[in-house]
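One structure follows; several queries about it will come next.
The values are calculated or read from the model by the stated rules, or taken from the named source; none is laboratory data. Bear in mind the structure is a predicted one, so any value in this text is a computation, not a measurement. Virtual Cβ from ideal backbone geometry, glycine too; neighbours counted across all protein chains shown. With ligands, DNA and RNA removed, areas are computed over all heavy atoms of the protein, side chains included. Shrake-Rupley method; radii C 1.70, N 1.55, O 1.52, S 1.80 Å.
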Amino acid sequence: MSFEKLGLITPILRALETQGYTTPTPIQEQAIPVVLEKRDLLACAQTGTGKTAAFAIPILQLLYKEKQAAQAPDRHIKTLILTPTRELAIQIAENIRDYGVHTGIRHLVIFGGVSAQAQIDGLKRGTDILIATPGRLLDLWQQGHINLHYIRQFVLDEADRMLDMGFIHDVKRVITKLPQKRQTLFFSATMPDEIAGLANSILSNPEKVAVTPVSSTAEKVEQKLYYTDKASKRKLLVYVLKDPSIVSALVFTRTKHGADRVAKELNKADITASAIHGDKSQNSRQRALTDFKAGRIRVLVATDIAARGIDVDNLSHVINFEIPNVPETYVHRIGRTGRGGASGIALSFCEDEERPYVKDIVKLIKQQIPVVTDHPFPASEAPAPEAPAIQLRQSSSQQGAGRKQQQKRKWHGRPQQNKQKI
Ligand code: AMP
């Protein structure tokens, strides 16, 4: 399948060529024709599957054709894309800029945590596509800066994440302001009951598409496991990063403090690193991300929420400084590398207390994670080298913790990560 076969117009095909995209990803192959037919879409797809382009490309095409047919250009917002985080909003905007570079379609991105004035000025100038986080959208709407009457396409991105982050009421409020007659594209990585209910209530006869079950994402990433002690993890990280083949690494920590401490330690060891998390100002997060993408810093240390959707081409390594207690999070993390067909490597540091989490992960991804035994900071109680990760012995309290996690997942239909101190 090629992009030409999907019926895309030349200005978009040229832009995709510049991006180096040769073939559509499965979600793009399935979703683009549906969106071009102006039908509603319910897509079960996570970050890393090419989902942004799956909605951005056909929307740009629809708007381009409408603009060509129109007598005179107007300044109304025609497409609203709602996404949970600032980082995702910025990335969607960057993608739309890249794919739409030859179309003349305008876009604007608004999100909280920064002064609203530039965003208000942008709204006054007018835009075809508005990309927004829910809180800032409602603020500026209440202040009378946003007219939603002319929305023809509404994209709800990462709906399950909206629920996790407590934004679902804001999302529902936004929906009540939209015209009834519109095309709705609904994206979610998972479908817990509340999200399925919301989808049901706002979609009309949607085409349903689903891609890549979570376990297969892990197959294309080379994974390695280091057993160590909690106290040795920072030294192990510095040791591992001595390997020059690690060109760029995204390091995951569980807490904001942890991210700061790790970044500080790396800088002390002359390894360029920045931490990005919710306590940092929007400017400093953006600066860190830009420096990382430009190769000016080698390591970005992030919490899961801050890293969600971070879109870095050619990311060579993901390092799990701490093992996530929700196995799906592990897959989301390692999915940041090995994108667009590139091969990626994921290293995980496991301390004694985290062994049950590794067991859950192995069960989810249905593959063993090779253990690196040859390093200077082994766990005081290392498992036998030949013992596969799945056969690790657990203490009874650890087993209890693992079981509790399983029950939690079952009850909620999906992991509730917002309960953690992130
Ligand atoms: P997403 O799932 O939207 O976060 O996209 C994941 C990554 O895949 C982004 O870095 C995109 O630039 C890239 N990508 C999207 N579509 C394609 C494609 N058809 N070919 C190659 N890379 C792509």
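Tell me what the chain gives for mean residue ellipticity at 222 nm when only DSSP H runs of n ≥ 4 count, each as -39,500 (n - 2.57), the sum divided by the residue total, rounded to 500 deg cm²/dmol. List each step's numbers first, then the result.
Values: 17 runs with 174 residues, N = 422.
So the helix-based figure for the chain works out to -12000 deg cm²/dmol.
Is the C-alpha gyration tensor of the stretch 20-138 telling us rounded, prolate or oblate? Criteria: a/c under 1.5 is rounded; beyond that, a/b larger than b/c is prolate, otherwise oblate.
Numbers: a/c = 1.90, a/b = 1.21, b/c = 1.57.
Oblate, because a/c is 1.5 or more while a/b does not exceed b/c.
So for the pair Asn147, Lys38, with labels modelled 7 Å out along Cα→Cβ, what separation do we get in nm?
So the two model labels end up 2.1 nm from each other.
If you don't mind, there's one more thing I want to ask. Calculate, in nm to one decimal, what Gln282 and Thr22 gain on full extension: separation in residues at 0.36 nm each, minus their alpha carbon distance. Don't jump to the answer; show the numbers that get you there.
Details: separation 260, 0.36 × 260 = 93.60 nm, distance 3.40 nm.
Stretched fully, the Gln282-Thr22 segment lengthens by 90.2 nm.
Here's a follow-up. GNM, the chain, Cα, under 10 Å: largest mean-square fluctuation among Pro324, Pro73, Pro206?
Sorting by GNM fluctuation, first place goes to Pro73.
Keeping the other protein chains in place, figure out the carbon and sulfur percent of the accessible area of the stretch 31-119, with a 1.4 Å probe.
Values: 1710 of 3220 Å².
Roughly 53 percent, rounded to a whole number.
Sort out the exposed loop GluC sites (Glu not before Pro) in the chain (DSSP loop, at most 13 other Cβ within 10 Å) and tell me the longest stretch that has none. Provide the component values of the computation, followed by the final result.
Values: sites that count: Glu37, Glu381, Glu386.
It runs 38-380.
Heavy atoms of the protein only, probe of 1.4 Å, neighbouring chains included. What is the accessible area of His169 in Å², nearest 10?
For His169, solvent-accessible area is about 130 Å².
Another question, if that's okay. Would you please give the residues with an amide H less than 5 Å from that of Ile110, counting only those at least 5 places away or on a separate chain, with H modeled from the backbone geometry?
It is Ile131, Ala132, Thr133, by chain and number.
With θ taken as phi - 60° and the coefficients 6.51, -1.76 and 1.60, list the Karplus ³J(HN,Hα) couplings across the stretch 110-127 in order, rounded to whole Hz; mark glycine and proline as x.
Along the stretch 110-127, the couplings run 10, 7, x, x, 9, 4, 8, 4, 4, 5, 5, 4, x, 5, 5, 5, x, 8 Hz.
Which shape class, rounded, prolate or oblate, goes with the stretch 219-320 when its Cα gyration tensor gives a ≥ b ≥ c as root eigenvalues, a/c under 1.5 marks rounded, and past that a/b bigger than b/c marks prolate? Don't jump to the answer; show the numbers that get you there.
Details: a/c = 1.40, a/b = 1.20, b/c = 1.16.
It comes out rounded by the Cα gyration axes.
Now a separate question. Students often get this wrong, so check it: of Lys67/Lys177; Lys51/Lys268; Lys220/Lys242; Lys224/Lys268; Lys293/Lys363, which have C-alpha atoms separated by over 29 Å?
Lys51/Lys268; Lys293/Lys363
Using the Karplus equation 6.51 cos²θ - 1.76 cosθ + 1.60 (θ = phi - 60°), what ³J(HN,Hα) coupling, rounded to whole Hz, does each residue of the stretch 180-185 give in order, writing x for Gly and Pro?
In residue order, the calculated couplings are 5, 8, 6, 9, 10, 10 Hz.
Still on this structure: Using unit Cβ charges (K, R positive; D, E negative) and no other charged atoms, how large, in debye to the nearest 20, is the dipole of the chain about its Cα centre? Each step should come with its number before you reach the end.
Values: 58 positive and 43 negative charges, 156 e Å.
I would put it at about 740 debye.
Right, something else. Once phi is turned into ³J(HN,Hα) by the Karplus curve 6.51 cos²θ - 1.76 cosθ + 1.60 with θ = phi - 60°, what whole-Hz value does each residue of the stretch 28-34 show in order, with x for glycine and proline?
5, 4, 7, 7, 4, x, 5
DSSP loop trypsin sites (Lys or Arg not before Pro) in the stretch 1-80 with at most 15 other Cβ atoms within 10 Å of their Cβ, which ones? Please list the in-between numbers first.
Working: sites: Lys5, Arg14, Lys38, Arg39, Lys51, Lys65, Lys67, Arg75, Lys78; in loops: Lys38, Arg39, Arg75, Lys78.
Of the trypsin sites (Lys or Arg not before Pro), the ones in loops of the stretch 1-80 whose Cβ has at most 15 other Cβ atoms within 10 Å are Lys38, Arg75.
Using Cα centres only, tell me the gap between the stretch 110-139 and the stretch 253-327 in whole Å.
Their Cα centres are 27 Å away from one another.
Please give every one of the aspartates and glutamates within straight-line cross-link reach of Lys5, meaning a C-alpha to C-alpha distance under 18 Å, and leave out same-chain neighbours fewer than 8 residues apart.
Glu17, Glu29, Glu37
Of the residues Gln117, Gln46, Gln286, which exhibits the maximal mean-square fluctuation in a Gaussian network model of the chain defined by a 10 Å Cα contact cut-off?
Per the Cα network of the chain with a 10 Å cutoff, Gln117 tops the list.
Let me ask something else about it. Round to a whole angstrom and tell me the spacing of the C-alpha centers of the stretch 194-208 and the stretch 1-33.
After rounding, the separation between the Cα centres reads 26 Å.
How many Å² of accessible area per residue for the chain, probe 1.4 Å? Please list the in-between numbers first.
Values: 18900 Å² over 422 residues.
In whole numbers, the chain has 45 Å² accessible per residue.
Can you classify the stretch 253-294 as rounded, prolate or oblate using the Cα gyration tensor, where a ≥ b ≥ c are the square roots of its eigenvalues, rounded means a/c under 1.5, and otherwise it's prolate if a/b beats b/c and oblate if not?
Values: a/c = 2.34, a/b = 1.11, b/c = 2.11.
Oblate.
Okay, moving on. Could you give the nm distance between label points at Lys177 and Arg296, where each point is 7 Å from its Cα heading toward the beta carbon?
In this crude label model, Lys177 to Arg296 measures out at 3.5 nm.
So how far apart, in nm, are the two label points at Lys67 and Ser2 if each is 7 Å from Cα heading toward Cβ?
Result: 2.6 nm between the two label points.
Got the relative contact order for the stretch 208-323 handy, in percent, Cα pairs under 8 Å and 6 or more residues apart? Intermediate results must be reported in sequence, preceding the final value.
Details: 137 pairs, mean separation 38.8, N = 116.
Value for the stretch 208-323: 33 percent.
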